[in-house]
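Asker: One structure is given below, represented as structure tokens, and several questions about it will come after.
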Amino acid sequence: MNEEINPWKTISVKTVYENNWIEVVHKEVLNPSGNPGVYGQVNFKNVAIGVIPLDDDGNTWLVGQYRFPLEEYSWEIPEGGCPIGEENLEAAIRELKEETGLIADKYTLVSKIHTSNSVCREVAYIYLAEGLHQSESEPEETEQLQIKKVHFSEAVQLVLDNKITDSMSVAGIMKVARLKGY
């Protein structure tokens, strides 16, 4: 099997819903076996950006908020959207300051992930932010955030205990844990 050849054939594409953040597309397809089928796809209009702030003492900051689609509260790394045309790093700098008030001297891209590749093509970039300085946060009007400073090893344990379940947070925390030896 050639990994470069798409075994799906698209017959038709129709946008069935769209707003400022997403579009939902209905596709009539021939599946890899050649049989007719349908595929629903969600296309995001932003790139997902996550930031893991890490200070010299091994502390990180988590952001808590109620997530409407889940209908539950979620602890996560600082994260948000990068509009098309904005540089990913610029969005990471903005999101970290906006949600935590932190400004970092150094940013390192640590991970690129596809958040849910069975229904969407959303890509997320996760940065490690170091050399931290505290400033004032500037949350968006849709965000009621709670900020929690914890030792990074506690963040890792929260992932292992399924207390942090956001895919970007899980991937980023575990990647940084591996890179930094936690």
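Nothing in this text is a laboratory measurement; each read-out follows from the coordinates by a stated rule. Predicted model, so just to flag it, every value in this text is computed and none were measured. No Cβ is skipped: glycine too gets one built from the backbone with ideal geometry, and neighbour counts run over all protein chains shown.
Asker: Relative to the longest principal axis of the chain, what angle (0 to 90°, nearest 10) does the C-alpha long axis of helix 88-100 take?
Answerer: Compared with the principal axis, the helix lies near 50 degrees.
Asker: Rounded, prolate or oblate: which one fits segment 46-180, using the alpha carbon gyration tensor with axes a ≥ b ≥ c (rounded when a/c is under 1.5, else prolate when a/b beats b/c, else oblate)?
Answerer: Rounded, because the longest to shortest axis ratio a/c is under 1.5.
Asker: In segment 1-57, what GluC sites (Glu not before Pro) fall in a loop by DSSP, with at most 11 other Cβ atoms inside 10 Å?
Answerer: Taking segment 1-57 and a limit of 11 other Cβ atoms within 10 Å, the loop GluC sites (Glu not before Pro) found are 3, 4.
Asker: Would you mind getting the Kirkwood hydrodynamic radius of segment 44-95 from its Cα pairs, rounded to one decimal in Å?
Answerer: Roughly 12.3 Å, rounded to one decimal.
Asker: Could I ask something else about it? My understanding is that a pair violates if its Cα-Cα distance is over 20 Å; which of 106/175; 149/180; 112/148; 112/175; 45/106; 97/175 do that in this structure?
Answerer: Exceeds cut-off: 112/148; 45/106; 97/175.
Asker: For segment 98-164, what size does the Cα cloud have along each of its three principal axes, sorted from largest down, in whole Å?
Answerer: 39, 28, 27
Asker: Now for a different question. Extension gain residue 43-residue 11, at 0.36 nm per residue separation less the Cα-Cα distance, in nm?
Answerer: So the chain would gain 9.7 nm between residue 43 and residue 11.
Asker: For 140, 95, 154, what's the fewest-to-most ordering of other Cβ within 10 Å of each Cβ?
Answerer: Final ranking by Cβ density, sparse to dense: 140, 154, 95.
Asker: Still on this structure, I have one more. Can you give me the Cα centroid spacing of segment 17-60 and segment 137-182 in angstrom?
Answerer: 21 Å
Asker: Right, something else. Could you give the C-alpha radius of gyration of segment 130-169 expressed as a fraction of 2.2 N^0.38 Å, taking N as the number of residues it contains?
Answerer: Relative to the rule-of-thumb radius for its length, segment 130-169 sits at 1.45.
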